[in-house]
Amino acid sequence: MTKTLGVGIIGSGNISATYLGLSPLFKGIEVRAVADINNTTATARAAEFGVEARSIDALLSSDDIDLVVNLTIPDAHFDVSKQILSAGKHLYSEKPLTLSLKDGLELQKLAARKKLRAGCAPDTFLGGAHQLARKLIDDGQVGTVTSGTAHVMSHGMEHWHPNPDFFFRPGGGPILDLGPYYIANLVNLIGPVRRVAALTSMASPTRTISSAPRAGEKISVTTPTTIQALLEFENGASITLSASWDVWAHNHPNMELYGTVGSLFLPDPNFFGGEVRLAKPGKKAKPVKAWAHPLGTPNQKHTQGMMANYRTAGLADMAVAILEDRDIRCSLERALHGVDVMVSILRSGEEKKFIDIKTSCSRPEALGIRQAQSLLKKR
């Protein structure tokens with residue numbers, strides 16, 4: 001590769017540190033500037049990572065910026081993404097792409113009209129563990145996937161996030177905040193969704209923040225915080241998805257897939273690595289030997305121990321895809337399908353009926369060891 005795309009970031013909150021800290025691992029991208037509606041936070045973040053702080057208008061008109069990453073709060077994603085595309089810049093957004101299918105379709109049409117490329121997180125399904133699971137499925141190790149379960153449950157964000165308000169408003173909640181990781185991985189492993197049904201509820205109309213600097217302050221809850229969903233995939237598989245911020249403890253695994261000749265047990269799709277286990281007929285589940293996938297190697301210390309975190313892999317893959325004129329693994333089309341699935345789950349909870357999914361997509365191309373290595377800079 002002979003070219004690098006200049007990257008600008010709009011939004012200098014918590015997640016911007018992850019993008020700025022991890023982007024130097026990858027080829028094809030160079031973050032050159034950060035912008036935020038709050039210039040003070042943008043200036044501080046830029047100084048922290050040695051890039052420029054610019055106004056949003058200046059960043060969008062900069063000749064050295066080819067691709068802009070939208071890291072604003074979910075409620076602002078559509079407006080900011082539209083602004084990015086209208087300025088003639090390629091777009092990569094944090095999840096969710098938008099809060100409605102209508103807005104996502106508008107971005108899709110705008111990108112096509114402007115002849116620009118667009119992509120969207122999450123990119124954790126590109127991690128070594130999930131790509132190993134993908135290889136096992138593609139190699140026929142479990143036969144045809146017919147059913148499965150996925151669980152993402154805790155007691156919410158007010159215990160650690162300094163400003164958790166938006167998590168509990170429309171556009172937040174466990175489906176739109178954490179659902180993208182699970183749905184993107186299921187699309188990676190199984191393919192697109194045909195229809196959904198769900199029951200939704202809210203344990204409490206208020207939450208009490210227990211994290212600094214607003215500990216003790218109460219915030220209103222105006223979106224469902226427990227969702228029990230059933231997803232029917234185009235291949236005929238049915239998956240139960242439980243997403244809740246009303247659970248103090250549980251013993252459910254993150255994800256299990258059941259096939260005609262085996263069962264597969266996957267780690268948390270919110271992370272890139274972890275143990276994959278496989279059970280064959282009449283046999284107990286056993287760990288699958290880890291492969292030398294570079295996006296599965298633990299590289300960060302967390303409360304759970306050393307974890308693999310390679311966020312910006314999707315951004316780098318998008319940049320390389322633009323340069324090579326190929327499909328983007330974290331494409332707008334797949335993100336749009338994810339939005340369709342998530343908002344349909346919430347709508348089903350309101351209307352108490354099955355909802356047919358209007359969009360579809362292909363499975364992304366697998367990211368094997370060689371392909372993953374080609375995204376990383378040599379050390």
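The values are calculated or read from the model by the stated rules, or taken from the named source; none is laboratory data. None of these values were measured; they are calculated from a predicted model. When we count neighbours, we look across all protein chains shown, and the Cβ atoms used for this are built from the backbone with ideal geometry, even at glycine. We work out accessible area using only protein heavy atoms, side chains counted, and drop any ligands, DNA or RNA first. Shrake-Rupley method; radii C 1.70, N 1.55, O 1.52, S 1.80 Å.
Within segment 29-48, the presence of at least one residue that is touching a Ser or Thr at 6+ places or on another chain (Cβ under 7 Å) and among the basic types (Lys, Arg) is confirmed.
In this structure, does residue 174 turn out to be within 25 Å of residue 273 (Cβ to Cβ), touching a Phe, Trp or Tyr at 6+ places or on another chain (Cβ under 7 Å), not in a strand (DSSP E or B) and not charged (D, E, K, R)?
Working: within 25 Å of residue 273 (Cβ to Cβ): yes; touching a Phe, Trp or Tyr at 6+ places or on another chain (Cβ under 7 Å): yes; not in a strand (DSSP E or B): yes; not charged (D, E, K, R): yes.
So residue 174 passes the test.
Among the residues of segment 98-117, count how many are in a loop (DSSP other than H, G, I, E, B) and touching a strand residue (DSSP E or B) at 6+ places or on another chain (Cβ under 6 Å). Walk me through how you get there before you give the answer.
The first filter runs over segment 98-117 and keeps only residues in a loop (DSSP other than H, G, I, E, B), leaving 98-100, 115-117.
Narrowing the set further to residues that are touching a strand residue (DSSP E or B) at 6+ places or on another chain (Cβ under 6 Å) leaves 116-117.
Within segment 98-117, residues that are in a loop (DSSP other than H, G, I, E, B) and touching a strand residue (DSSP E or B) at 6+ places or on another chain (Cβ under 6 Å) number 2.
Among strands (runs of 3 or more DSSP E) entirely within segment 277-378, having at least 2 residues that are over 16 Å from residue 130 (Cβ atoms) singles out 300-302, 305-307.
Just to be sure, is residue 298 surrounded by 15 or more Cβ atoms within 10 Å (Cβ to Cβ) and over 22 Å from residue 170 (Cα atoms)?
Taking the combined requirement at face value, the residue satisfies it.
The set of residues from segment 142-180 being within 21 Å of residue 362 (Cα to Cα) and either open to solvent by 20 Å² or more (accessible area, probe 1.4 Å) or of a type in the set (Val, Ile, Thr) (or both) comprises 142, 143, 144, 145, 146, 147. Would you please list the contacts, defined by Cβ atoms under 6 Å and residues six or more apart or on different chains, that run from a residue in segment 31-49 that is more than 19 Å from residue 79 (Cβ to Cβ) and assigned to a strand (DSSP E or B) to a residue that is open to solvent by 40 Å² or more (accessible area, probe 1.4 Å) and not β-branched (Val, Ile, Thr)? Qualifying pairs under 6 Å: 32/64; 33/52.
Looking at 118, 129, 133, 112, which one is free of Cβ contacts under 8 Å to residues at least 12 places away in the same chain, farther than 30 Å from residue 209 by Cα and either open to solvent by 10 Å² or more (accessible area, probe 1.4 Å) or within 20 Å of the chain's Cα centre (by Cα) (or both)? Walk me through it before giving the result.
On the way: 118 fails: free of Cβ contacts under 8 Å to residues at least 12 places away in the same chain; 129 fails: free of Cβ contacts under 8 Å to residues at least 12 places away in the same chain; 133 fails: free of Cβ contacts under 8 Å to residues at least 12 places away in the same chain.
It is 112.
Hey, any hits in segment 143-165 for a residue that's among the aromatic types (Phe, Trp, Tyr) and out of contact with any Leu (no Cβ under 7 Å at 6 or more places or on another chain)? Yes, some residue in segment 143-165 is among the aromatic types (Phe, Trp, Tyr) and out of contact with any Leu (no Cβ under 7 Å at 6 or more places or on another chain).
Would you be able to say whether some residue in segment 5-23 is closer than 22 Å to residue 115 by Cα and not in a strand (DSSP E or B)? Break it down stepwise before answering.
Within segment 5-23, the subset closer than 22 Å to residue 115 by Cα is 5-10.
Those still in the list that are not in a strand (DSSP E or B) too: none.
No.
The set of residues in segment 268-305 that are out of contact with any strand residue (DSSP E or B) (no Cβ under 7 Å at 6 or more places or on another chain) and hydrophobic (A, V, I, L, M, F, W, C) comprises 272, 290, 291, 292, 295. Checking each residue in segment 80-97 for being open to solvent by 30 Å² or more (accessible area, probe 1.4 Å) and in a helix (DSSP H, G or I) picks out 82, 83, 86. In this structure, residue 12 does satisfy being under 19 Å from the mean Cα position of the chain (by Cα), on the phi < 0 side of the Ramachandran plot and without any contact (Cβ under 8 Å) to a residue 60 or more places away in the chain. Output yes when any residue across segment 56-75 is among the hydrophobic types (A, V, I, L, M, F, W, C), open to solvent by less than 10 Å² (accessible area, probe 1.4 Å), in contact with a helix residue (DSSP H, G or I) (Cβ under 8 Å, 6 or more places away or on another chain) and farther than 30 Å from residue 294 by Cα, and no when none is. No.
When residues in segment 278-287 are screened for being of a type in the set (Lys, Arg) and open to solvent by less than 80 Å² (accessible area, probe 1.4 Å), 1 of them pass. For segment 289-301, the count of residues that are over 18 Å from residue 373 (Cα atoms) and among the polar types (S, T, N, Q) is nonzero.
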